[in-house]
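The values are calculated or read from the model by the stated rules, or taken from the named source; none is laboratory data. Quick caveat: nothing in here was measured; it's all calculated off a predicted structure. For neighbour counting, all protein chains shown are included, and Cβ atoms are generated from backbone atoms with ideal geometry for every residue, glycine included. To get the accessible areas, we keep the full protein, side chains included, count just its heavy atoms, and leave off ligands, DNA and RNA. Shrake-Rupley method; radii C 1.70, N 1.55, O 1.52, S 1.80 Å.
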Amino acid sequence: MKTEVLKATEVDLAAAWIKKGQLVAFPTETVYGLGASIFNPEAINRVFYAKGRPQDNPLIAHIADLASVQKIAQDVPNAFFVLAEHFFPGPLTLIVKRHPNVPDIASAGLDTVAIRQPRSSIALGLIRAVGEPLVAPSANLSGRPSSTTAQHVLHDLDGKIAAVIDAGPCPIGIESTVLDLVSFERPTILRPGFVTKQQIEAVLKEEVLIYTQGKMASPGMKYRHYTPDAPVKVFFHQRDLEEYLAGSPKCKRMLLSKGPMNGRSDHYLLLAQNLYATLRQADEERYDEVLLLCDEEVQQDAGLMNRITRMVGSHESCCN
Ligand code: TXA
Ligand code: MG
């Protein structure tokens with residue numbers, strides 16, 4: 001199958017493909033998603049297959065309006081609507097109780113469903129044109145960085161999906177914040193992102209927890225994500241980084257930090273918007289190692305730090 005590259009104006013064509021059960025990748029404000037109708041289990045099966053995604057990792061339902069919530073969820077708590085009023089459309093995903101209409105495969109058999117209304121007008125137009133919520137995981141091969149451009153989508157999925165709508169780079173660059181409203185005593189963040197714990201607490205007027213350990217809350221958590229081929233090392237202080245550089249042999253090295261690094265040609269900016277693109281570049285250009293300097297400003301960004309920590313995993317070194 002040849003993967004077509006569609007323009008932002010060709011949303012109706014994309015919708016026709018999805019209605020026929022074909023897969024189309026589309027832009028959102030966070031990352032590109034790989035869409036299928038939530039009520040088409042065969043198409044959803046193809047989403048898992050195309051990505052090489054384990055079937056026990058549930059998908060997010062993308063909606064265009066709040067009227068569709070009742071078709072995919074039940075016993076929806078008031079907090080959902082309070083948060084939706086404030087943050088929808090936008091990079092916040094809310095987990096509530098699943099409606100029996102939603103096929104098991106979409107939710108990996110869980111009795112909950114994750115719902116988000118993306119902000120991108122192309123995504124919203126596509127969902128409206130299909131007329132049903134779309135499940136859409138990030139449009140990358142499982143274990144690769146999420147795609148933030150149509151070129152990344154093609155790199156991972158060319159020939160495996162019908163089309164990608166190309167609308168340039170995604171403005172936020174990391175995936176939505178995932179907040180579970182029903183599985184814990186308090187609303188609990190399963191995946192930090194652009195919408196912060198403090199912003200959610202200010203709207204809900206109650207304490208919000210961040211999931212750390214214990215029960216495996218989000219099946220996605222057990223999979224190692226976002227890993228470049230080259231070894232990654234994280235430094236929290238400039239002096240530790242300098243020491244490392246002074247004491248290690250020359251190699252093709254990529255250095256990421258928020259601030260400038262006087263005159264180094266191997267230096268890239270450490271920002272959520274270009275994190276995944278830069279990591280993909282590290283693979284393509286076969287860097288020997290990737291060094292990240294996470295200063296205090298970076299450490300305060302829970303979404304960015306979460307992606308970095310998961311990328312490094314437990315077997316690489318974290319140099320304090
Ligand atoms: O920004 C985003 O959220 C992007 C764009 C395309 O919308 N989508 C995305 O989907 O990141 P995905 O499938 O790559 O990540 C969804 C995450 C996974 O970690 C999954 O385990 C979790 O959400 N998740 C989905 N449904 C869940 C549920 N019912 N309970 C717990 N976790 C859930
Ligand atoms: Mg993903």
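Under 8 Å between Cβ atoms, which residue pairs at least 6 apart in sequence (or on different chains) link something in the range 117-141 that is away from ligand 2 (no atom under 16 Å from the Cβ) with a partner that is open to solvent by 10 Å² or more (accessible area, probe 1.4 Å) and aromatic (Phe, Trp, Tyr)?
Here the result reads Gln117/Phe88; Glu132/Phe39, each pair linking the range 117-141 to a residue that is open to solvent by 10 Å² or more (accessible area, probe 1.4 Å) and aromatic (Phe, Trp, Tyr).
Does Ala64 qualify as being out of contact with any His (no Cβ under 7 Å at 6 or more places or on another chain), in a loop (DSSP other than H, G, I, E, B), open to solvent by less than 10 Å² (accessible area, probe 1.4 Å) and of a type in the set (A, V, I, L, M, F, W, C)?
When the stated conditions are applied, Ala64 passes them.
Kindly indicate the residue of the range 95-126 that is of a type in the set (Ser, Thr, Tyr) and open to solvent by 10 Å² or more (accessible area, probe 1.4 Å) and also nearest to the chain's Cα centre (by Cα) among those meeting that condition.
This residue is Ser120.
Only one of these conditions is not met by Lys71: (1) out of contact with any strand residue (DSSP E or B) (no Cβ under 8 Å at 6 or more places or on another chain); (2) more than 14 Å from ligand 1 (Cβ to nearest atom); (3) open to solvent by less than 40 Å² (accessible area, probe 1.4 Å). Which number is it?
Unmet for Lys71, out of (1) out of contact with any strand residue (DSSP E or B) (no Cβ under 8 Å at 6 or more places or on another chain); (2) more than 14 Å from ligand 1 (Cβ to nearest atom); (3) open to solvent by less than 40 Å² (accessible area, probe 1.4 Å): (3).
Could you check, for the range 26-33, whether at least one of its residues is closer than 14 Å to Ile105 by Cα and either open to solvent by 10 Å² or more (accessible area, probe 1.4 Å) or within 16 Å of ligand 2 (Cβ to nearest atom) (or both)?
no
Only one of Ala129, Ala139, Ala167 is more than 11 Å from ligand 1 (Cβ to nearest atom), farther than 17 Å from Ile72 by Cβ and crowded, with 19+ Cβ neighbours inside 10 Å; which?
Ala167
From the list Ala202, Ala230, pick out the single residue that is at pLDDT below 95 and either out of contact with any Pro (no Cβ under 8 Å at 6 or more places or on another chain) or at negative phi (or both).
Going through Ala202, Ala230 in turn, just one is at pLDDT below 95 and either out of contact with any Pro (no Cβ under 8 Å at 6 or more places or on another chain) or at negative phi (or both): Ala230.
Condition (residue is over 27 Å from Ala150 (Cβ atoms) and outside any helix (DSSP H, G or I)) applied to the range 33-44: is it met by at least one residue?
No, the range 33-44 has no match at all.
Can we say Arg53 is surrounded by fewer than 23 Cβ atoms within 10 Å (Cβ to Cβ) and over 22 Å from Leu157 (Cβ atoms)?
no
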